[in-house]
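Below is one structure, written out as structure tokens; the observations come after it.
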Amino acid sequence: MAPLQQITIAVAVILCLSQVSLAQKGKKAVAVIKTDIVSGVIKFSQENATAPVFITGQIEGLSKGNHGFHIHEKGDTSGGCGTTGSHYNPHKANHGGPSDQDRHIGDLGNIYAEPSGVAQINIVDPKITLVGKYSIIGRAVVVHADPDDLGRRGHPDSKTTGHAGGRLGCGVIGIEHPPDFWNSSSTASSSIILILAAVIISGLANSR
């Protein structure tokens, strides 16, 4: 085999392996909430396309008790939280609770704020996703003033918004920069150089 052919094959193999490595790390996203009332950071992670999404973080500045917590359809905060649109609901379902089959994709139920005004968030949800056609990346997470009734209380808006009241805070969901990105890139680059050097030497030796 000619040296050039060996180099081409080696590069193709390395690129494939690097793509597999990145896919195995899963996907991470983050939303920063900052208004005159509340603030917080929410993180999302998903191991693969069929895995549930883990949602962690905290929000400060809330009144004690439950507050509706949803994914809204638009990542547009140009007019405040009011321009994030309705709950993310591509399948035109009724509003419901997180464990309901009939629910908006964006229905994450309630978060609970302690007397200190801080809500610790630790949710595992099987319906939202960070990949594919229905990814929530680029949309918005919204925390509401009142409890979400999960579509069960019979209010006129129970089946659309959960009667969760006004929007206290929101944040656009963006891709989180992997903390080991540069180290991984550096390691991959070094490996590529070493392998290519070995291929070139081998090719030159075989061509003699």
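Pairs are defined by a Cβ separation below 9 Å, a sequence spacing of at least 6 or placement on different chains, a first member in the stretch 107-125 that is under 17 Å from His95 (Cα atoms), and a second member that is hydroxyl-bearing (Ser, Thr, Tyr) and open to solvent by 50 Å² or more (accessible area, probe 1.4 Å); the pairs so defined are Gly109/Ser99. For the stretch 34-46, the candidate set comprises residues that are in contact (Cβ under 8 Å) with a residue 12 or more places away in the chain and of a type in the set (D, E, K, R); within that set, the residue that is surrounded by the fewest Cβ atoms within 10 Å (Cβ to Cβ) is Lys34.
Selection of strands (runs of 3 or more DSSP E) fully inside the stretch 47-122 by the criterion of at least 2 residues being small (Gly, Ala, Ser) and open to solvent by less than 70 Å² (accessible area, probe 1.4 Å) returns 65-72, 78-81, 107-113.
The values are calculated or read from the model by the stated rules, or taken from the named source; none is laboratory data. Keep in mind that this is a model prediction, so the values were computed, not measured. We place every Cβ from the backbone using ideal geometry, glycine too, and count neighbours over all the protein chains shown. Heads up: the accessible areas ignore ligands, DNA and RNA and are worked out on the full protein's heavy atoms, side chains in. Shrake-Rupley method; radii C 1.70, N 1.55, O 1.52, S 1.80 Å.
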